[in-house]
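Below is one structure, written out as structure tokens; the observations come after it.
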Amino acid sequence: MADKKQFGKGALLIAMVGAGVAGVWFGRCTRNTPAEASHAPTASTSAWAPATSADSPRPSASLEKPGPIHFDLTENPQLKIGIQLRDLDRDIFARLNDLDHMSREQMADVFPDKPYRVRFIGNLADKHIGIVLIDLNRDGTTDEKWQLMDDGSVKRTVPMDHNANDTEVRYQLGNGRWQVR
């Protein structure tokens, strides 16, 4: 009985390896279409070597540091949909656009003299902030969370929005106003 189990495991292993080899073979046979024939492996390159930009148009990871994100706060007078930005929001965006004059210690409490607490989470050396946490009354609970995307969009989550019967509401910055998502 033990020999049958060993045989079954061995057969399964051989079947898996065979399927893998067949998949690689099939992939190589169907990979180069006439349009891609110029990218076929040659003696100087192989399918296992990393491709260079001359070999393939594949995107590569950039080692450049991301720059500061630009936020479009221009309000369109024809579009009155959404909620106007508060003074708090404008203060935060002004500070996000001026990270050159901020220290790492200031990120924990961006506005120490205000009745609200704002915390930036990100990499100050790269001038890239990814998350903003807001405690509206400094009671230790996060009342809002902003996610700052690389394309300049901002997603704002309010877990207990008083304007929506204390339910969670998600907003997105659009046309200089908070739009409900």
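Computed from the coordinates by the stated procedures, all read-outs in this text should not be read as laboratory data. The structure presented is a predicted model; accordingly, all values stated were derived computationally and were not measured.
Side notes on the structure shown:
- Pairs of C-alpha atoms in region 83-180 farther apart than 21 Å represent 30 percent of all such pairs.
- Region 83-180 - percent relative contact order, Cα under 8 Å, separation 6 or more: 18 percent
- Excluding same-chain neighbours fewer than eight residues apart, the aspartates and glutamates reachable from LYS155 by a Cα-Cα span under 19 Å are ASP72, GLU75, ASP87, ASP89, ASP91, ASP135, ASP143, GLU144, ASP166, GLU168.
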